[in-house]
Amino acid sequence: MSIPDFLLEVSIVVVAVVSLVTNSSVLLCFTQSAELRSHVPGIFVLNLSFSNILLAALNMPATFVGVAEHSHRPFGDLFCQVVSFSETFLTSNAMLSMAALSLDRWIAVVFPLSYSSKMRHRDALLIVAYSWLQSLTFSLTQLMMDWGGYSRTYASCTVHLSEESGAQLPAFATFTALFHCSSFAFCLLVLCFAYLKVLRVAKSHCKRIDVITVQTLLLLVDIHPSVKERCLAQQKKRRQRATKKICIFIGTFVFCFSPYVITRLLELLPWIHIPRYLGITTKCLSYAKASTDPFVYCILRQQYRKVLVTVISRVMGKEHYFLSTHSTTSTLDTTDENCVVVKIT
């Protein structure tokens with residue numbers, strides 16, 4: 001086994017494990033918190049998490065086997081059709097879920113007073129239904145046209161045109177271009193529009209707070225200069241924090257998906273050959289987005305962290321309770337008639 005193959009296999013395993021653990025943690029938070037379930041964005045988060053879990057459970061292991069068995073085709077036609085169908089559907093669905101989350105935040109920030117009427121649970125379900133419909137349209141088209149198969153360039157079962165179907169190249173190129181325009185390009189456009197609008201509103205709010213803060217500090221003539229500097233520094237950090245979050249939302253999307261999309265479009269040109277290791281690397285980058293989504297959209301937020309810490313504390317508390325009970329049973333005074341009941345919350 002060569003070093004590049006070993007590194008790629010390790011990367012796929014790490015990404016798959018992290019994706020399963022983190023996205024499952026998000027689902028666990030929803031099952032344990034009625035507050036999270038009541039929020040409209042939770043519908044988009046659930047849709048995104050389910051897509052990432054299925055991608056990590058089905059497509060990532062198939063790519064791992066393809067990298068390990070690079071000398072020959074490791075899968076049959078039927079299995080490859082199923083895996084390539086799921087990849088097209090899950091990738092498109094995940095991207096559209098990210099776009100829906102960005103639109104939800106845009107409405108919440110730009111139209112805070114009318115958010116409850118503009119984004120209801122019914123509206124969120126309609127958006128998710130559209131996401132499923134678009135994803136199914138492309139995946140079913142791929143299935144009917146027999147454009148799913150094993151690609152050595154990406155060591156996986158994916159959208160692929162066999163050499164025997166060279167006459168279908170114009171139709172296949174049109175399908176590939178439409179798929180990436182309606183998924184990657186469309187979602188990137190929505191993300192940039194929504195989050196840049198959010199950033200503009202956030203900076204506007206920060207400027208208003210800055211003016212109020214400066215006016216207040218000028219009135220407090222007896223306040224120490226270091227306190228004034230600290231207040232102004234905190235205002236600056238708030239502005240930088242808003243910009244940093246927007247850069248993370250858009251940057252992770254572009255960094256993970258754009259190399260793979262570019263290689264898929266370039267390989268349509270007959271005079272361009274994509275090296276195998278480059279193709280697999282771009283594939284691994286697109287998989288990495290599934291492992292970063294829970295951190296970007298959920299786990300780093302205070303509501304999710306609070307629920308997750310509560311669940312972990314509850315589990316650890318039960319384990320500690322049972323261990324302490326068994327370890328102290330022999331030392332209990334049986335003559336004591338009082339009974340203490342411990343409720344674990």
Would you check which residues across the range 61-86 are farther than 11 Å from Tyr150 by Cβ and open to solvent by less than 10 Å² (accessible area, probe 1.4 Å) and list them? Val67
Filter the range 156-195 for residues that are outside any helix (DSSP H, G or I) and closer than 29 Å to Ile250 by Cβ and give the result. Ser156, Thr158, Val159
Look at the range 264-285 and say how many of its residues are open to solvent by less than 30 Å² (accessible area, probe 1.4 Å) and farther than 14 Å from Leu169 by Cα. 6
So Ala34, is it of a type in the set (Gly, Ala, Ser), over 29 Å from Ala177 (Cβ atoms) and open to solvent by 60 Å² or more (accessible area, probe 1.4 Å): yes
When you check Ser114 against the structure, is it under 27 Å from Leu46 (Cβ atoms), of a type in the set (S, T, N, Q) and over 21 Å from the mean Cα position of the chain (by Cα), yes or no? yes
Looking at the range 286-318 only, could you name the residues that are open to solvent by 70 Å² or more (accessible area, probe 1.4 Å) and in a helix (DSSP H, G or I)? Phe295, Gln302, Arg305, Lys306, Val309, Ile312, Arg314, Val315, Met316, Lys318
Sort through Ser116, Ser135, Ser97, Ser131 and tell me the only one that's more than 24 Å from Pro294 (Cα to Cα), assigned to a helix (DSSP H, G or I) and either open to solvent by less than 30 Å² (accessible area, probe 1.4 Å) or not hydrophobic (A, V, I, L, M, F, W, C) (or both). Ser116
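The values are calculated or read from the model by the stated rules, or taken from the named source; none is laboratory data. Fair warning: this is a prediction, and the values are worked out from it, not measured in the lab. Note: ideal-geometry Cβ built from the backbone for every residue, glycine included; neighbour counts use all protein chains shown. Ligands, DNA and RNA are stripped out before the accessible areas are found, and what is left, the full protein with its side chains, is counted by its heavy atoms. Shrake-Rupley method; radii C 1.70, N 1.55, O 1.52, S 1.80 Å.
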